[in-house]
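Undergrad: Let me begin by handing over the structure; questions about it come next.
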Amino acid sequence: MSTAKLTINLDALVTNWRNLDALTNCETAAVVKANGYGLDAGRVGKALAKAGARNFFVAAAEEGGALRRALGPGPGISVFSGHMEGDAKLLKDFQLTPMLNSLDQMLRHFETLPGHPFGVQLDSGMNRLGMEHGEWAAVAEIALGQNPVLLMSHLACADEPSHEMNAQQLKTFREMTDGLEVPRSLAATGGMLLGKDYHFDLCRPGVGLYGGLPFTDAVPVVQLDLPVIQVRDMEPGESAGYGNAWVAQRPSRIATVAAGYADGLHRAMGNGGIHVYAGETPCPVVGRVSMDLITVDVTDLGEVPQMLAILNERQTVDMLADAAGTIGYEILTSSGHRSARTYLG
Ligand SMILES: *Cc1c(COP(=O)(O)O)cnc(C)c1O
């Protein structure tokens, strides 16, 4: 094997969906934008549909079309970016439900696809997508006359349970939607963990399904194994990699491994703190991360295996993210594009 091997455990994904679903009394959908957080929206969608998920969310209509091809007719597919100019044919052909974000989108939708299902995205304070309070007040009556299937909003700070923004957005969302008798949705992964007040009729977890924080009870879904290209012995004082950034302090064995920042291993990870695993044994990554290569101190290993794991049960996407100063979402969506993929389950 000369390329990295990404193993995606669909059974673990389904377990995460079921465990999140068990926290609620409402419908649990699945967010599969960015090609299923990099893991293949079609494969992820099919596994979750088989497990009972009936609603999926994507970012753009094009993603929705690809997902519909994979899932076939039946499951609901909703589009966060709403109804953009030129989307009508995609929305119609692939039975996608746009979450309308503005008066402009609403007018476009009613004009080009009268009678086609839609939801409305409301801005409860994040100032990213959706209609603000005033705009909604002005158009709510017209929108409600056309029977929206969902009123939704999104939390800005749900990964910080004690953040005052959560309660504030909950209050605003309630003020905008109480008494309207349309199904409602506010919570993504973080919101689901804030408790039942945040659940309404439908929850929309993404990252937790894929094994990421803030769902601390998630089981890991991905393993990334990297092939060892070469092993060398070094004397104390010799240096490895660009910029002589790492210098051997003892007689050392260094393995050169085939993955780098072009595979999503951020260059900042080279500043220390990450390992690759030979089975259960951690080996420190040393020196700078190159485009296609990293160097690993395997001095304390008896025998160097052909592959070393950089993502596994011991070192999760969130641990790699910490080392790179980013979040698990970014590691998931940027890792393993060049890898050979295996799907388990
Ligand atoms: C990405 C996204 C989600 C899923 O969020 P996670 O934090 O990954 O669970 C839900 N709703 C909206 C509007 C999103 O953009």
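Undergrad: Can you tell me what share of the DSSP beta bridges in the chain is antiparallel? A percent to the nearest 5 is fine. Let's see the in-between values first.
TA: Numbers: 27 of 50 bridges.
In the chain, approximately 55 percent of DSSP beta bridges are antiparallel ones.
Undergrad: Now for a separate question. Could you tell me what percent of the accessible area of the chain is made up of carbon and sulfur, with a 1.4 Å probe and every protein chain present?
TA: Accessible surface attributable to carbon and sulfur in the chain totals 49 percent.
Undergrad: Which residues make up the longest stretch of the chain that has no GluC sites (Glu not before Pro) in a DSSP loop with at most 16 other Cβ atoms within 10 Å? Can you show the working numbers first?
TA: Values: sites that count: GLU85, GLU132, GLU181, GLU238, GLU280, GLU303, GLU313.
The answer is 1-84.
Undergrad: Please report Rg over Rh for the chain, where both radii come from the alpha carbon positions and Rh follows the Kirkwood definition. Kindly include the intermediate steps, with their values, before the conclusion.
TA: Details: Rg = 23.1 Å, Rh = 21.8 Å.
Dividing the radius of gyration by the Kirkwood radius yields 1.06.
Undergrad: Just check the stretch 159-204 against the gyration tensor rule for me: Cα atoms, a ≥ b ≥ c as the square roots of the eigenvalues, rounded for a/c under 1.5, and otherwise prolate or oblate depending on whether a/b exceeds b/c.
TA: Working: a/c = 2.80, a/b = 1.40, b/c = 2.00.
Taking the square roots of the gyration eigenvalues as a ≥ b ≥ c, the stretch 159-204 is oblate.
Undergrad: What pairs in LYS5/LYS33; LYS89/LYS171; LYS33/LYS92; LYS5/LYS46; LYS171/LYS196 have C-alpha atoms more than 25 Å from each other?
TA: On the way: LYS5/LYS33 23 Å; LYS89/LYS171 37 Å; LYS33/LYS92 19 Å; LYS5/LYS46 22 Å; LYS171/LYS196 14 Å.
LYS89/LYS171, as the Cα separations exceed 25 Å there.
Undergrad: Please list the equivalent ellipsoid semi-axes of the stretch 222-344, computed as the square roots of five times the alpha-carbon gyration tensor eigenvalues, in descending order and whole angstrom. Could the numbers behind the result be given before it?
TA: On the way: eigenvalues 104, 51, 31 Å².
Over the Cα atoms of the stretch 222-344, the ellipsoid semi-axes are 23, 16, 12 Å.
Undergrad: Before rounding to the nearest 500, sum -39500 (n - 2.57) across all DSSP H runs of length at least 4 in the chain and divide by the residue total; then give [θ] at 222 nm in deg cm²/dmol.
TA: Values: 11 runs with 101 residues, N = 345.
Estimated from H runs of four or more residues: -8500 deg cm²/dmol.
Undergrad: Separate question: Classify the stretch 10-210 from the C-alpha gyration tensor, please: rounded if a/c falls under 1.5, else prolate or oblate depending on whether a/b exceeds b/c.
TA: Numbers: a/c = 1.85, a/b = 1.07, b/c = 1.73.
It is oblate, given that a/c is not under 1.5 and a/b is not larger than b/c.
Undergrad: Take the Cβ-Cβ distance between LYS89 and GLN230 as r, set R0 to 56 Å, and report the resulting FRET efficiency rounded to the nearest 0.05. If you can, show how the numbers build up before the last one.
TA: On the way: r = 53 Å, r/R0 = 0.94.
So the FRET efficiency works out to roughly 0.60.
Undergrad: So, one more: Taking only Cα atoms and a 10 Å spring cutoff, compute GNM fluctuations for the chain and point out the largest among ALA53, ALA278, ALA259.
TA: Ranking ALA53, ALA278, ALA259 by mean-square fluctuation puts ALA278 first.
Undergrad: Here's something else I'd like to know. Of all trypsin sites (Lys or Arg not before Pro) in the stretch 13-70, which ones are in loop regions per DSSP and have a Cβ with at most 14 other Cβ atoms within 10 Å?
TA: Numbers: sites: ARG18, LYS33, ARG43, LYS46, LYS50, ARG54, ARG68, ARG69; in loops: ARG54.
Qualifying residues, ordered by number: ARG54.
Undergrad: State which helices in the chain qualify, where a helix is a whole DSSP H run, it must extend 24 Å or more along its own axis by its Cα atoms, and its mean Kyte-Doolittle hydropathy must be at least 1.0. Don't skip to the end; give the middle numbers.
TA: Working: long enough: none.
Helices passing the filter in the chain: none found.
Undergrad: At 1.4 Å probe radius, can you tell me the per residue accessible area of the chain in Å²? Display every interim value, and only then the final one.
TA: Numbers: 15550 Å² over 345 residues.
Here the per-residue accessible area is 45 Å².
Undergrad: A follow-up question, please. Please give me the summed charge of the neighbours of PRO75: other residues whose Cβ is under 13 Å from its Cβ, Lys and Arg +1, Asp and Glu -1.
TA: +4
The values are calculated or read from the model by the stated rules, or taken from the named source; none is laboratory data. All of these numbers come straight from a predicted model, not from anything done at the bench. Here the Cβ is made from the backbone with ideal geometry for all residues, glycine too, and neighbour counts use every protein chain on show. Surface accessibility is based on the protein's heavy atoms, side chains included, excluding ligands, DNA and RNA. Shrake-Rupley method; radii C 1.70, N 1.55, O 1.52, S 1.80 Å.
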